[in-house]
1. I'm checking my understanding of the structure. Among residues of the range 231-241 that are surrounded by 20 or more Cβ atoms within 10 Å (Cβ to Cβ) and not polar (S, T, N, Q), which one is farthest from S16 (Cα to Cα)?
2. Restricting the range 174-195 to residues that are in contact with a helix residue (DSSP H, G or I) (Cβ under 7 Å, 6 or more places away or on another chain) and closer than 16 Å to V106 by Cα, which is surrounded by the most Cβ atoms within 10 Å (Cβ to Cβ)?
3. What is the number of the single condition among (1) closer than 25 Å to D232 by Cβ; (2) in contact with a helix residue (DSSP H, G or I) (Cβ under 8 Å, 6 or more places away or on another chain); (3) in contact (Cβ under 8 Å) with a residue 40 or more places away in the chain that T216 does not meet?
4. How many residues does the range 78-93 contain that are under 18 Å from the mean Cα position of the chain (by Cα) and not charged (D, E, K, R)?
5. Scan the range 124-164 for residues that are modelled with pLDDT of 95 or more, basic (K, R) and open to solvent by less than 90 Å² (accessible area, probe 1.4 Å) and jot them down.
6. Can you name the strands (runs of 3 or more DSSP E) wholly within the range 122-237 that have at least 3 residues being within 17 Å of V13 (Cβ to Cβ)?
Amino acid sequence: MAEPVVRIPDAKVALSTASVYPESTATAFEIAARLGYDGVEVMVWTDPVSQDIEALRRLSDYHRIPILAVHAPCLLITQRVWSTDPWVKLRRAQAAAEKLGASTVVVHPPFRWQRGYANAFVDGIWKMADETDVRFAVENMYPWRYRDREMLAYAPDWDVTKDDYRHFTVDLSHTATARTDAMDMIDRMGDRLGHVHLADGKGSAKDEHLVPGRGTQPCAELLERLATSGFDGHVVIEVNTRRAMSSAEREADLAEALAYTRLHLASAMKVPRS
């Protein structure tokens, strides 16, 4: 006879600093520490602190919360952050991750109008990955939609599984916006799935980043699969709290997201009784 036990994998649960917007990067460290997150992912954007390695190190030391990942500045609003050259941005993200002890750099595929960057992207990411122990985990995106029109904004493709990368990031808000089957995408990523952005969505044309469990994406199913698959990356809560009416409401959403993730990031398994 055997009795069921709960096994919790080694994967750490981190808070993306983007989850507290419009609050600051510093606030994200404070909230992550108070709520019991295992670490943070730093979204490098227009907040000067997010761009300053020494300031980030001081926040990490003060709150005793490690920086597990760095999200390179790939958004439209960060086109001039850390240079206008996308390869310089990635090199600086790599250097930041190495200096801060982060294991992963998250990067989006290029915009289609970045033609030279896009043409060299797949080979360039492999070359950078060969030069460091830091993982470059390329994130799935989505088509841009307006009414009944669809624009393919990313190259080589928003569906990163169509190209050859060493590591992937899966984002479940993005699978919702793309209206693609998240579990099929995860199957295609296979053991190259190295990083997770956990959020939810309902298939809107807008990237919703709902608290997990409030949309239609298989957040629980994904977490339960990670618990039994030997996943050795990080699970990052990346949700939109900008509509929160108060700091307390924002913190409640982030506490709910953490509780949901920890609940499902465990697997019932049977072990022999000693």
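1. As a first pass, look at the range 231-241 and keep what is surrounded by 20 or more Cβ atoms within 10 Å (Cβ to Cβ): 231, 233-239, 241.
Going one step further and asking which of them are not polar (S, T, N, Q), we end up with 231, 233-239.
Values: F231: 19, G233: 15, H234: 11, V235: 10, V236: 6, I237: 6, E238: 5, V239: 8 Å.
By that ranking, first place goes to F231.
2. The initial filter retains those residues of the range 174-195 that are in contact with a helix residue (DSSP H, G or I) (Cβ under 7 Å, 6 or more places away or on another chain), namely 175, 182-183, 185-186, 188-189, 193.
Going one step further and asking which of them are closer than 16 Å to V106 by Cα, we end up with 189, 193.
Values: M189: 18, L193: 23.
Here the answer is L193.
3. (1)
4. Final tally of qualifying residues: 3.
5. Within the range 124-164, just R135 meets the criteria.
6. Values: elements: 135-139, 144-146, 149-151, 167-171, 193-198, 234-237.
Filter on the range 122-237 gives 167-171, 193-198, 234-237.
Quick grid of which residues meet (1) surrounded by fewer than 18 Cβ atoms within 10 Å (Cβ to Cβ); (2) within 26 Å of W158 (Cα to Cα); (3) within 14 Å of the chain's Cα centre (by Cα); (4) not polar (S, T, N, Q):
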{"position": "L172", "(1), (2), (3), (4)": "no, yes, yes, yes"}
{"position": "Q217", "(1), (2), (3), (4)": "no, yes, no, no"}
{"position": "R243", "(1), (2), (3), (4)": "yes, no, no, yes"}
{"position": "A259", "(1), (2), (3), (4)": "yes, no, no, yes"}
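The values are calculated or read from the model by the stated rules, or taken from the named source; none is laboratory data. Since the structure is predicted, the reported quantities are computational estimates derived from the model, not experimental observations. Because the Cβ atoms are built from the backbone with ideal geometry, glycine has one as well, and the counts that use them run over all protein chains shown. Surface areas here come from the heavy atoms of the whole protein model, side chains and all, with no ligands, DNA or RNA. Shrake-Rupley method; radii C 1.70, N 1.55, O 1.52, S 1.80 Å.
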